[in-house]
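Participant: My questions all concern the structure below.
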Amino acid sequence: MKTYLSYTLLAAILILLSACESGAKFTVHNTCAYPVYINVDSGEQVTINSNATRSFDIDTDTQSIFTGTVKRTVPVKVIGETYSLEDEINNLWTDNTSITVEAGEELHAYLNPNRASIKVLNSTDTKIREVWIYKNDGIIPSLFTTIGEIEPGDSKFKRVDYYTPSNPFSYQVHVFLEGSSEPLIYGNAGTILYKDQQFFTEVVTK
């Protein structure tokens, strides 16, 4: 009888242990044609290349029948070259959000392209002081956005709106090298960007 009770108790303990879960997984699928840069739970920035997937392990407390459901909310920062998080409530683009995971759960996020972008590579030995990006709707070109300093050998990108038949426009990029007041000009009326496209500009010494 004593042996039977011991086996019963051991079986009950094993059942309880098997019901315990800790940790969660967050898997990000980048369906864009360009990279996405992501930080999860204030960790190091990770690059997810085009059409690639990356999983992140997230620590949680242990969940069991005694604790009930164990959840944890962690910050996430996402910067895609042709993707932005959209805050539909405030009607703006953002790079920051948060996710709530449950112990033992795997949560999936699919990043589908929703922007275009302009990327400038500085292949000169002179610092780029500033980049002006003009948007031209065929009437009056207007300054749409800027990119700050770019050191020799470095590159920076800026996400921009994309062309649609109901909102047609082109882009022109003005690059100001350190010590020069006259810009190097790239792009013209044919520089039209559709969703998930990038205008890549390499600035070289002439």
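Participant: Please verify whether the stretch 95-109 includes one or more residues that are at pLDDT 95 or above, in a loop (DSSP other than H, G, I, E, B) and either surrounded by 14 or more Cβ atoms within 10 Å (Cβ to Cβ) or more than 24 Å from the chain's Cα centre (by Cα) (or both).
Facilitator: yes
Participant: Does residue 137 satisfy being under 23 Å from the mean Cα position of the chain (by Cα), within 17 Å of residue 193 (Cβ to Cβ) and of a type in the set (D, E, K, R)? Even if it seems obvious, please write down each step before you answer.
Facilitator: Numbers: under 23 Å from the mean Cα position of the chain (by Cα): no; within 17 Å of residue 193 (Cβ to Cβ): yes; of a type in the set (D, E, K, R): yes.
Judged against the criteria, residue 137 is not a match.
Participant: Right, something else. Which one of these does residue 43 not meet: (1) modelled with pLDDT under 95; (2) surrounded by 18 or more Cβ atoms within 10 Å (Cβ to Cβ); (3) not acidic (Asp, Glu)?
Facilitator: Of (1) modelled with pLDDT under 95; (2) surrounded by 18 or more Cβ atoms within 10 Å (Cβ to Cβ); (3) not acidic (Asp, Glu), only one is false for residue 43: (2).
Participant: I've got another one for you. Output the residues belonging to the stretch 116-140 that are more than 30 Å from residue 166 (Cβ to Cβ) and not aliphatic (A, V, I, L, M).
Facilitator: Just the residues of the stretch 116-140 that are more than 30 Å from residue 166 (Cβ to Cβ), to begin with: 121-130.
The answer is 122, 123, 124, 125, 126, 127, 129, 130.
Participant: Answer yes if at least one residue in the stretch 59-72 is surrounded by fewer than 18 Cβ atoms within 10 Å (Cβ to Cβ) and within 18 Å of the chain's Cα centre (by Cα), and no otherwise.
Facilitator: No: the stretch 59-72 contains no residue that is surrounded by fewer than 18 Cβ atoms within 10 Å (Cβ to Cβ) and within 18 Å of the chain's Cα centre (by Cα).
Participant: Now for a separate question. If a residue counts only when it is farther than 11 Å from residue 120 by Cα, among the hydroxyl-bearing types (Ser, Thr, Tyr) and not assigned by TED's automatic domain parsing to the domain that holds residue 93, which strands (runs of 3 or more DSSP E) contained entirely in the stretch 134-206 have at least 3 such residues? Reasoning before the result, please.
Facilitator: Details: elements: 142-147, 155-160, 170-177, 184-186, 198-203.
In the stretch 134-206, 142-147 are the strands (runs of 3 or more DSSP E) which contain 3 or more residues that are farther than 11 Å from residue 120 by Cα, among the hydroxyl-bearing types (Ser, Thr, Tyr) and not assigned by TED's automatic domain parsing to the domain that holds residue 93.
Participant: Output the qualifying pairs, or none if there are none: Cβ atoms under 6 angstrom, residues six or more apart or on different chains, first residue in the stretch 108-127 and within 18 Å of residue 174 (Cα to Cα), second residue in a strand (DSSP E or B) and aromatic (Phe, Trp, Tyr).
Facilitator: Between residues of the stretch 108-127 that are within 18 Å of residue 174 (Cα to Cα) and residues that are in a strand (DSSP E or B) and aromatic (Phe, Trp, Tyr), the close pairs are 117/157; 118/199; 119/157; 119/200.
Participant: Restricting attention to the stretch 106-115, does a residue exist that is in contact with a strand residue (DSSP E or B) (Cβ under 9 Å, 6 or more places away or on another chain), among the acidic types (Asp, Glu) and over 27 Å from residue 201 (Cα atoms)?
Facilitator: Scanning the stretch 106-115, I find at least one residue that is in contact with a strand residue (DSSP E or B) (Cβ under 9 Å, 6 or more places away or on another chain), among the acidic types (Asp, Glu) and over 27 Å from residue 201 (Cα atoms), so the answer is yes.
Participant: Would you check if there is a residue in the stretch 62-80 being at pLDDT 90 or above and out of contact with any strand residue (DSSP E or B) (no Cβ under 8 Å at 6 or more places or on another chain)?
Facilitator: no
Participant: Turning to a different aspect of this structure: Is it the case that some residue within the stretch 131-141 is without any contact (Cβ under 8 Å) to a residue 24 or more places away in the chain, surrounded by fewer than 18 Cβ atoms within 10 Å (Cβ to Cβ) and under 30 Å from residue 181 (Cβ atoms)?
Facilitator: Of the stretch 131-141, the ones without any contact (Cβ under 8 Å) to a residue 24 or more places away in the chain are 139-140.
Among the residues that remain, those that are also surrounded by fewer than 18 Cβ atoms within 10 Å (Cβ to Cβ) are: 139-140.
Checking the rest, the ones that are also under 30 Å from residue 181 (Cβ atoms) come to 139-140.
Scanning the stretch 131-141, I find at least one residue that is without any contact (Cβ under 8 Å) to a residue 24 or more places away in the chain, surrounded by fewer than 18 Cβ atoms within 10 Å (Cβ to Cβ) and under 30 Å from residue 181 (Cβ atoms), so the answer is yes.
The values are calculated or read from the model by the stated rules, or taken from the named source; none is laboratory data. Everything numeric here is computed off the predicted structure, so don't read it as measured data. Every residue, glycine among them, receives a Cβ derived from its backbone with ideal geometry; neighbour counts consider all protein chains shown.
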